[in-house]
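Engineer: Quick one: structure below, then a few questions.
Read-outs: derived from the displayed coordinates by stated rules, not from any lab. Since the structure is predicted, the reported quantities are computational estimates derived from the model, not experimental observations. Here the Cβ positions follow ideal geometry from the backbone for every residue, glycine too, while neighbour counts run over all protein chains shown.
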Amino acid sequence: MSDYKVLHTSADEFGDIFVLDDGHFRVLSFGDNDEQSKMDKTEPFVPQHTYVQAMLCALMAKQPKSVVILGLGGGALVHALRHYDAAIKITAVELREQVIHAAKRFFQLPIGKKLTVIHQNANHFLKAGDFKKCDMLFVDIYSEKGVDPTLLSAEFTEQCYLGLKADGILVLNCWKEHRNNTTLLSHLQMHFSHIHACLTGGGNWVVFATNQSQGLAAMSNKANQQTLSQSLDINIPRVLTRFEPWQ
């Protein structure tokens, strides 16, 4: 990332925060060679990372009216969802207040009545339960060290389940190594009857869990993939080449 200039630096109890820019792209980073979020400044609504593109594939299984995002970052999911359907009510929960400031100042976060940004630990947010059950829950909690171990716990999985409507969908962004994590799979199977996953080109393992009987099957439909590709301006068939049940 030597071509990038440092626009902003800050720090908190969890570490450093950098905002980088090369003239075309803007990057949120927590350390050397780390990209927490990346944005095309001319098209902020087009997600640049394949794991974000994969997470958004859940939109083929359900048309959400309400979404909760755990882990704001630079707001890539917020941008894409707002572009997809401006009527979706979005609640984004972020642990680090400095990250929220960076998203608003440097990443064109689409502030409005349909977006609520909460500065809170995601686990505490779920346990408190001070929110209406949502249609879709996206979990994208990372530090410069990788996946937050909290999201791999049985308690966290249960709290996510309790935060969803009966036909809601949980979307987890993990590392590819987690596809061999039978403990995580068993936690999910305790609450969800249908679990699929895909391996992205960037090395992420994105998991989709729901109790819908037909929902996830819709994600394999080529016509649905083409329609979502046009809506999001990304190549969905390329993202979902390894989409299959996780069992």
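Engineer: Output the relative contact order of the chain, whole-number percent, from Cα pairs under 8 angstrom with separation of 6+ residues. Each step should come with its number before you reach the end.
Structural biologist: Values: 494 pairs, mean separation 44.4, N = 247.
Averaging sequence separation for qualifying contacts and normalising by length gives 18 percent for the chain.
Engineer: Moving on. Excluding the sites themselves, what is the longest stretch of the chain that contains no GluC sites (Glu not before Pro) in a DSSP loop with at most 15 other C-beta atoms within 10 Å? Could the numbers behind the result be given before it?
Structural biologist: Values: sites that count: Glu13, Glu144.
Between the exposed loop sites, the longest stretch runs 14-143.
Engineer: Another question about this same structure. Connecting C-alpha atoms closer than 10 Å in a GNM of the chain, tell me which of Ala103, Ala166, Ala128 has the biggest fluctuation.
Structural biologist: It is Ala128.
Engineer: Could you tell me which trypsin sites (Lys or Arg not before Pro) in segment 48-141 are loop residues by DSSP with no more than 14 other beta carbons within 10 angstrom of their beta carbon? Intermediate values should be presented prior to the final figure.
Structural biologist: Numbers: sites: Lys62, Lys65, Arg82, Lys89, Arg96, Lys104, Arg105, Lys113, Lys114, Lys127, Lys132, Lys133; in loops: Lys62, Lys65, Arg96, Lys113, Lys114, Lys132, Lys133.
Sparse-neighbourhood loop trypsin sites (Lys or Arg not before Pro): Lys65, Lys113, Lys132, Lys133.
Engineer: Distance check, please: which entries in Lys104/Lys165; Lys41/Lys62; Lys89/Lys127 exceed 23 angstrom between their Cα atoms?
Structural biologist: Working: Lys104/Lys165 29 Å; Lys41/Lys62 29 Å; Lys89/Lys127 21 Å.
Violating the 23 Å limit, Cα to Cα: Lys104/Lys165; Lys41/Lys62.
Engineer: Helix-derived [θ] at 222 nm for the chain: sum -39500 (n - 2.57) over DSSP H runs of at least 4, divide by residue count, nearest 500? Don't skip to the answer; put the middle values down first.
Structural biologist: Working: 8 runs with 64 residues, N = 247.
For the chain, the value works out to -7000 deg cm²/dmol.
Engineer: Further, regarding this structure: Could you tell me how many degrees, from 0 to 90 and to the nearest 10, lie between the Cα long axis of helix 97-106 and the main elongation axis, the longest principal axis, of the Cα atoms of the chain?
Structural biologist: 70
Engineer: Using the Karplus curve 6.51 cos²θ - 1.76 cosθ + 1.60 with θ = phi - 60°, work out ³J(HN,Hα) for each residue of segment 185-197 in order, rounded to whole Hz, and write x for Gly and Pro.
Structural biologist: Rounded to whole hertz, the list is 4, 5, 4, 5, 5, 5, 10, 10, 8, 10, 10, 10, 7.
Engineer: Right, something else. For Lys165, what is the net charge nearby, where nearby means another residue's Cβ is under 12 Å from its Cβ and Lys, Arg count +1, Asp, Glu -1?
Structural biologist: +2
Engineer: Please list, by residue number, every one of the trypsin sites (Lys or Arg not before Pro) in segment 147-244 that is coil in DSSP and has at most 14 other beta-carbon atoms within 10 Å. Kindly include the intermediate steps, with their values, before the conclusion.
Structural biologist: Details: sites: Lys165, Lys176, Arg179, Lys222, Arg238, Arg242; in loops: Arg242.
Sparse-neighbourhood loop trypsin sites (Lys or Arg not before Pro): Arg242.
Engineer: Additional query: State the volume of the convex hull built on the alpha-carbon positions of segment 34-82, expressed per residue in Å³ and rounded to an integer. The partial results should precede the final answer.
Structural biologist: Details: hull volume 3.9 nm³, N = 49.
Measuring per residue, one finds 79 Å³ for the Cα hull of segment 34-82.
Engineer: If you don't mind, another one. Please state the Cα pair-distance histogram of the chain with 5 angstrom bins from zero: what percent is in each bin?
Structural biologist: Each 5 Å bin holds this share of Cα pairs: 1, 6, 15, 19, 21, 18, 12, 6, 2, 0.
Engineer: Let me ask something else about it. For segment 82-149, give the magnitude of the charge dipole about the Cα centre (Cβ charges: +1 Lys/Arg, -1 Asp/Glu; no others), in debye to the nearest 20.
Structural biologist: Values: 11 positive and 8 negative charges, 57 e Å.
The dipole of segment 82-149 has a size of about 280 debye.
Engineer: On to the next question. State the extension gain, in nm to one decimal, for the chain segment bounded by Ser231 and Leu7, taking 0.36 nm per residue of separation less the distance between their alpha-carbons. Please report the intermediate quantities before stating the final value.
Structural biologist: On the way: separation 224, 0.36 × 224 = 80.64 nm, distance 3.15 nm.
Value of the extension gain: 77.5 nm.
Engineer: Here is a follow-up. What spacing in nm lies between the two simple spin-label points modelled at Asp16 and Asn221, each 7 Å away from Cα in the Cβ direction?
Structural biologist: The two pseudo-label positions are separated by 4.9 nm.
Engineer: If we count every other residue with Cβ under 12 angstrom of Leu70's Cβ, Lys/Arg +1 and Asp/Glu -1, where does the sum land?
Structural biologist: Details: positive: none; negative: Glu94, Asp140, Asp148.
Within the 12 Å Cβ shell, the charges total -3.
Engineer: Can you tell which of Phe25, Phe208, Phe14 shows the greatest fluctuation in a Gaussian network model of the chain with Cα springs below 10 Å?
Structural biologist: Among Phe25, Phe208, Phe14, the largest GNM mean-square fluctuation belongs to Phe14.
Engineer: Taking 0.36 nm per residue of sequence separation and subtracting the Cα-Cα distance, how much length would be gained by fully extending the chain between Thr150 and Ile111, in nm to one decimal? Numbers along the way, then the final one.
Structural biologist: Values: separation 39, 0.36 × 39 = 14.04 nm, distance 2.86 nm.
Residue separation times 0.36 nm, minus the Cα-Cα distance, leaves 11.2 nm.
Engineer: If you build a Gaussian network model of the chain, linking Cα atoms that sit under 10 Å apart, which residue out of His194, His24, His178 swings the most?
Structural biologist: It is His24.
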